[in-house]
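Taking it in order: structure first as structure tokens, then the write-up.
The values are calculated or read from the model by the stated rules, or taken from the named source; none is laboratory data. The structure displayed is predicted, hence computed values, not measured ones. Please note: Cβ atoms are built from the backbone with ideal geometry, for glycine as well, and neighbour counts cover all protein chains shown.
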Amino acid sequence: MDQNDEPPERWIDDSQPTAPLTRTAASKILGVSVATVRRWEGTKLHPTVDQFGRHVFERAEVTELAQTKARTVAKRRTDGKLAAKVFTMFEDGEELPAIVIALEIEPRIVRELYEEWYVDLDTRLKQQRRQARAREQAREAATIRREVRDWERLVREDATRDVENRAPRFATDAARPVARTSPVHRSAGKKGR
């Protein structure tokens, strides 16, 4: 078989600046999976099909997308650092003008971050209230269980004392001779006299 008859990817020279890129090569440059490259086809990437039926990409298009992706990631990191600084200043009680001056950012950004911080703070406060309520309910339940145990113990002690107090009386009654008061016994006793 001739090199021109088969389409293995190794025949595409990815090192050439003008050579088209395979899905695998594009995924490596973009730092994503081949499946992601497939999903981006027709939206972010526009492949062409070569003579062997392979989807190949223009190197310039893939490089541009990789740079855009890198800028987006860098911006997210920067936004995250800015948000962390602003949140710290909110925690320290700083006001809007002081934050704008110190960080040299637009008041609109500080207001948006304040909304996020406040919602998070409100959520934290609600969570703390729920936890405090749960702890109070647990304390009340423990108190009730303790009172029930104490009451049951007292009832058992009273029942035991009652049985102990009655036991000697029953023993004395059982040891006493039965009095003969039946009419037969009375009459027998009189005849003999």
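Figure legend. Inter-residue proximity from region 50-71: first residues among the aromatic types (Phe, Trp, Tyr), second residues assigned to a helix (DSSP H, G or I), beta-carbon distance below 9 Å, spacing 6+ or different chains. Indicated pairs: Phe52/Trp11; Phe57/Arg23; Phe57/Ala25; Phe57/Ala26; Phe57/Val37. So which residues in region 109-141 are farther than 18 Å from Val86 by Cα and either touching a Gly at 6+ places or on another chain (Cβ under 9 Å) or modelled with pLDDT of 85 or more (or both)? Matches in region 109-141: Gln131, Ala132, Arg133, Ala134, Arg135, Glu136, Gln137, Ala138, Arg139, Glu140, Ala141. Entry remark, region 18-49: residues being among the small types (Gly, Ala, Ser), in a loop (DSSP other than H, G, I, E, B) and without any contact (Cβ under 8 Å) to a residue 24 or more places away in the chain number 2 in total. Summed over region 40-58, residues that are closer than 12 Å to Leu21 by Cβ, modelled with pLDDT under 90 and surrounded by 14 or more Cβ atoms within 10 Å (Cβ to Cβ) total 2.
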